[in-house]
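The values are calculated or read from the model by the stated rules, or taken from the named source; none is laboratory data. Predicted model, so just to flag it, every value in this text is computed and none were measured. Quick reminder, even Gly has a Cβ in these numbers, built from the backbone with ideal geometry, and neighbours come from all protein chains shown. Keep in mind that these areas ignore ligands, DNA and RNA; they rest on the heavy atoms of the full protein, side chains included. Shrake-Rupley method; radii C 1.70, N 1.55, O 1.52, S 1.80 Å.
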Amino acid sequence: LETRFDGKIVSWMPAHSEGPLTRIHYIVGRYRGATPEVARVDLEREVAGLVRTWRDDFALAVETLDDAGVIDDRLARWADAFGAAYREAMSAAVAVSDMEVMEGLSAEAPFAVRFQRRDGDPAERIAAKLFHRDMPIDLSRRVPILEAMGLRVIDESTYRVAPVGGPVIFVHDMTLAH
């Protein structure tokens, strides 16, 4: 509000109704120039973005994939599968991409890997994600294989993903250099 109206919030007053919602009235103090014209629809979209959760973003990303029956099944299985550390590090769109890889894992094929370049990384950097069912892969087993490929491990994070009704999957997200 301060940015959009070029001012400072000088007061706010919550109003509680009998329902679960609270309405907040903000007063933005302005001390110079003409008051900017702010389209209500733009302001409402920005406020909605502020209160939208990662889970909301995940549901929107899943909805772009399939028909309603498959969407509902995927949301029921995966919406709460990702832990706080994963949600903090990865966007919902990345989670949907990872979900599709994890859905391909089985007892016969418990491992998958994906290499990619991340936006903004220097040319010598590459990202690798290793997906493994049931148990994590020890770092001491992963690093020598990558080093034999001419890569150095710069950074690594491991995330536990637990879809409803499915096996636990470990995602090893690594930054590599060559």
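Note on the range 5-31: residues that are surrounded by fewer than 10 Cβ atoms within 10 Å (Cβ to Cβ) and in a loop (DSSP other than H, G, I, E, B) total 6. Within the range 97-109, the residues that satisfy the criterion of being among the aliphatic types (A, V, I, L, M) and open to solvent by less than 10 Å² (accessible area, probe 1.4 Å) are Met99, Met102. For beta carbons closer than 9 Å, sequence separation of 6+ or different chains, a first residue in the range 1-25 that is closer than 19 Å to Glu46 by Cβ and a second that is in a strand (DSSP E or B) and of a type in the set (Phe, Trp, Tyr), the qualifying pairs are Leu1/Tyr26; Ile9/Tyr26; Trp12/Tyr26; Ile24/Trp12; His25/Trp12. Being among the aromatic types (Phe, Trp, Tyr), part of a strand (DSSP E or B) and open to solvent by 80 Å² or more (accessible area, probe 1.4 Å) is a description that applies to Phe115. None of Ala34, Ala107 is small (Gly, Ala, Ser), free of Cβ contacts under 8 Å to residues at least 40 places away in the same chain, part of a loop (DSSP other than H, G, I, E, B) and closer than 17 Å to Ala162 by Cα except Ala107.
Across the range 39-78, the qualifying residues are those that are at pLDDT below 90 and not in a helix (DSSP H, G or I), and the one among them that is surrounded by the fewest Cβ atoms within 10 Å (Cβ to Cβ) is Asp67. Picking from residues in the range 141-167 that are in a loop (DSSP other than H, G, I, E, B) and small (Gly, Ala, Ser), the one that is farthest from Asp72 (Cα to Cα) is Gly150.
Here is the figure for the range 118-138: residues that are open to solvent by 40 Å² or more (accessible area, probe 1.4 Å), of a type in the set (A, V, I, L, M) and either more than 18 Å from Tyr86 (Cβ to Cβ) or modelled with pLDDT under 90 (or both) total 1.
Whether a residue is touching a residue at least 60 places away in the same chain (Cβ under 8 Å), under 20 Å from Arg77 (Cα atoms) and outside any strand (DSSP E or B) was assessed, and Val171 does not pass this test. Taking each residue of the range 119-140 that is closer than 19 Å to Asp98 by Cβ and part of a loop (DSSP other than H, G, I, E, B) and looking for partners that are at pLDDT 95 or above and β-branched (Val, Ile, Thr) with beta-carbon atoms closer than 7 Å, six or more apart or interchain, yields Asp134/Val168; Pro136/Thr158. Considering only residues that are open to solvent by 40 Å² or more (accessible area, probe 1.4 Å), in contact with a Leu (Cβ under 9 Å, 6 or more places away or on another chain) and more than 19 Å from Arg87 (Cα to Cα), which ones fall in the range 150-166? Listed by number, the residues that qualify are Arg152, Val153, Ile154.
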